[in-house]
Amino acid sequence: MHTLDETLATTTLQAAIDDAAAAGGGTVVVPAGTHRTGALRLRSHVELHLEAGAVLQFVPDPRLYPAVEARWEGAPATIHSPCLYAAGETDVAITGFGTIDGGGAPWWDTFRHDRASLEHPRPTLVGLHDCTRVTIRDVRLTNSPSWTVHPLRCDGVTITNVVIVNPPDSPNTDGIDPESCRNVRISDCHIDVGDDCVVIKAGTERDPERIPCENIAITNCTMVHGHGGVVIGSEMSGGVRDVVISNCVFEGTDRGIRIKARRGRGGVVEDVRVTNVVMRGVMTPFVINPFYFCGPDGKEPHVADRNPHPVGETTPVFRRIHLSHITARDVHASAGHLYGLPEQPLTDVTLDDVTVSFAADAVAGYPAMADGVPLMRRAGFHLGFVADSELSRVRVDGCDGPGVVVEESPTLRLTGVRVDGERLDA
């Protein structure tokens, strides 16, 4: 075991990690105190352990974060090294009750006002690429320059009892973004960030690889603020499957469960189950949006077109998505926005035992980031191009206007659906 005193800088921290790896593995202990450093590279069979009171403070100087090859927003790219980085390693762990501070404010300021001066995209706080069996446990992660935790093409990821806090206005500071990973377990975490809290990704059409993100369990977490509680996409070209989300609380997120993609991406999202979730103060609890217009090519005419297009490998598919035992109170914009493509409807989507009620002082918002979606306030469910699906035991209370609006969905069934006490079965 290596024990570090509080005077150590990057070279000494890195030497301790490398020495432990050379010895076959071990634990590098960071004691209480502030330790200022640049990027560190984690190694196989080494646990980086931050004792209570320890702060690993990353200095926001681009020269301290050398270029590495990775994905950026779903496409191959050269990026600044993550603050804590591992590539191709096995049995990597970050643990302890200390704090890892990414020093994000200068990065955010440059991104907002002088983006062209950045030679490469900003660092993530923790980037684990092509690794097997990685663990992040108990630490507090804050002020990430961009995404906070980004496992990429990993197998066996465990993230538990972690607190992630980034300012609500910090740009692109997602909480946890597993991308093209297998066997991911996220549990007992608290996430309060400036973008989506947990995002499941699988690359875009700009990446020649098609690696799915699969076997994902997210449970016992609290998500506050952020653009979405748990999100799938919009980078989903490799496909996302076998996802379970349970026993979570979302408070003040723009959206709750959010699935987004667009024509040209391809990929299949399937076998997703969400159960036992409580939401409060969200803008829209449920969103499935295949017309997502943000990012490269998002404004191309084919993205927004509501007419049928030919179906092929670039057509995104959403099927077997089941949401149950969910309560959303003090909702603002709408109860839900669930749409398929005209040429590729949503298939086998169910909402069961779902209750939505609205805030008395609701603020208008856009339920989905898509052309043609109007500003809404206290609106009900809007569904379109949904096939062989069902809403059962769904209650909507306090909306202005219809509780359920359905377009082009002749096989959608409503069973035990009530709006302000009135039953709407069809």
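More than 20 Å apart: what percent of Cα pairs in the stretch 138-199 qualify?
Counting every Cα pair in the stretch 138-199, those more than 20 Å apart make up 21 percent.
In debye, nearest 20: dipole of the stretch 120-238 around its Cα centre with unit charges on the Cβ of K, R (+) and D, E (-)?
Dipole size: approximately 280 debye.
Hey, what does the equivalent ellipsoid look like for the stretch 103-214, semi-axes from the Cα gyration tensor as sqrt of 5 times each eigenvalue, largest first, whole Å?
Largest first, the stretch 103-214 gives 23, 19, 11 Å.
Short version: ³J(HN,Hα) in whole Hz for each residue of the stretch 186-191, in order, from phi by Karplus 6.51 cos²θ - 1.76 cosθ + 1.60 (θ = phi - 60°), x for Gly and Pro, what are they?
With the stated coefficients, the stretch 186-191 comes to 10, 9, 6, 9, 10, 10 Hz.
Determine the gain in length on full extension of the stretch VAL249-THR78; use 0.36 nm per residue of separation and subtract their C-alpha separation, reporting nm with one decimal.
58.0 nm is the gain from fully extending VAL249 to THR78.
Over the stretch 80-125, one equal point on each Cα, no solvent: what is log10 I(q)/I(0) by the Debye formula at q = 0.23, 0.33 Å⁻¹?
The computed values of log10 I(q)/I(0) come out as -0.90, -1.27.
Where does the stretch 231-288 land on Rg(C-alpha)/(2.2 N^0.38 Å)?
Working it through for the stretch 231-288, the quotient is 1.19.
Find how many whole Å separate the alpha carbon centroid of the stretch 75-107 from the alpha carbon centroid of the stretch 150-216.
13
What spacing in nm lies between the two simple spin-label points modelled at LEU375 and VAL363, each 7 Å away from Cα in the Cβ direction?
Placing both labels 7 Å along Cα→Cβ, they lie 1.3 nm apart.
Search the structure for amide H atoms under 5 Å from the amide H of HIS45, placed 1.01 Å from N in the peptide plane, and list their residues when 5 or more places away or on another chain.
So HIS45 has HN proximity to THR90, ASP91, VAL92.
For a quick size check, give me the Cα extents of the stretch 29-154 along its three principal axes, largest first, whole Å.
On the principal axes, the stretch 29-154 reaches 38, 31, 19 Å in Cα extent.
When only Cα pairs under 8 Å and 6 or more residues apart are kept, what is the percent relative contact order across the chain?
8
Please compute the per residue accessible area over the chain with all protein chains in place, 1.4 Å probe, rounded to a whole number of Å².
Per residue, the chain has 37 Å² of solvent-accessible surface.
Kindly report, to the nearest 10 Å², the accessible surface of GLU407 as traced by a 1.4 Å probe over protein heavy atoms only.
80
Over the stretch 20-83, what per residue volume does the convex hull of the Cα atoms give, in whole Å³?
Hull volume over Cα atoms, normalised by residue count, gives 116 Å³.
Give the dimensionless ratio obtained when the Cα radius of gyration of the chain is divided by 2.2 N^0.38 Å.
1.00
Take the eigenvalues of the Cα gyration tensor for the stretch 189-298, scale each by 5, and report the square roots as semi-axes in whole Å, largest first.
23, 16, 11
Carbon and sulfur: what percent of the chain's accessible surface (1.4 Å probe)?
50
The values are calculated or read from the model by the stated rules, or taken from the named source; none is laboratory data. Predicted model only: the values in this text are computed from it and were never measured. So basically every Cβ, Gly included, is an ideal-geometry build from the backbone, and we count neighbours across all protein chains shown. SASA here: full protein model, heavy atoms, side chains in, ligands and nucleic acids out. Shrake-Rupley method; radii C 1.70, N 1.55, O 1.52, S 1.80 Å.
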